[in-house]
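The values are calculated or read from the model by the stated rules, or taken from the named source; none is laboratory data. Because the structure is a prediction, the values reported are computed rather than measured. Here Cβ is always computed from backbone atoms with ideal geometry, including for glycine, and neighbour counts include all displayed protein chains.
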Amino acid sequence: MEKDFADLLRNHHLKVTNARLEVLKVIAGHGAAVSQPFLEKLIGTGVDRVTLYRILNTLDEKGILHKVIDLDGTANYAMCSTACTEHQHHDEHIHFNCTNCRKVYCMHDYILPDVNAPEGFDIQSLNLSVNGICKNCNNEQ
Ligand SMILES: [Zn+2]
Ligand SMILES: [Zn+2]
Ligand SMILES: [Zn+2]
């Protein structure tokens, strides 16, 4: 797992650092998008605030992570599909917002429809989110 993340960074021409590996490990192991406040818990474990934000921005720019805004307006980060590249994200999937635990999930199997913008409009990104109760919360009831 750790070695895969190192390869992932190298494939995107990024230096492998412990802080970057740590961030990737947390996000990939989470099963949902990870909120910025949650990631801030890493601060102090060899990662400081400035480094954390820089890492998130870099990984977003490089097409390794994508940002999702949750119901509270907080930034969350999730792993990208392999189709994402440095200049273009291809995370055209639906995001599921749980109204109970407020987590955001990537629904990779639900691809967004093609949208044709009217003449003179350029679409740069497409976002569709669905609100409801997630599997974990349903199982707890
Ligand atoms: Zn992406
Ligand atoms: Zn939930
Ligand atoms: Zn996603």
Worksheet entry | Which listed residue, of T74, T45, T51, is surrounded by fewer than 19 Cβ atoms within 10 Å (Cβ to Cβ) and free of Cβ contacts under 8 Å to residues at least 24 places away in the same chain | T45
Worksheet item: For segment 114-135, which residues satisfy the criterion of being within 16 Å of ligand 3 (Cβ to nearest atom) and surrounded by fewer than 10 Cβ atoms within 10 Å (Cβ to Cβ)?
Response: S125
Response to the item:
Of the residues in segment 127-141 that are of a type outside the set (V, I, T) and in a strand (DSSP E or B), the one that is farthest from ligand 2 (Cβ to nearest atom) is S129
Item to complete: Please indicate, with yes or no, whether at least one residue in segment 84-102 is of a type in the set (S, T, Y), touching a Leu at 6+ places or on another chain (Cβ under 9 Å), at pLDDT 90 or above and closer than 16 Å to I27 by Cα.
Response: no
Fill in: Residues of segment 83-95 satisfying the condition of being more than 9 Å from ligand 1 (Cβ to nearest atom) and either over 13 Å from the mean Cα position of the chain (by Cα) or touching a residue at least 60 places away in the same chain (Cβ under 8 Å) (or both)
E86, H87, H95
Discussion item. Given the criterion closer than 20 Å to L14 by Cβ and part of a loop (DSSP other than H, G, I, E, B), identify the matching residue among H66, H87.
Written reply: H87
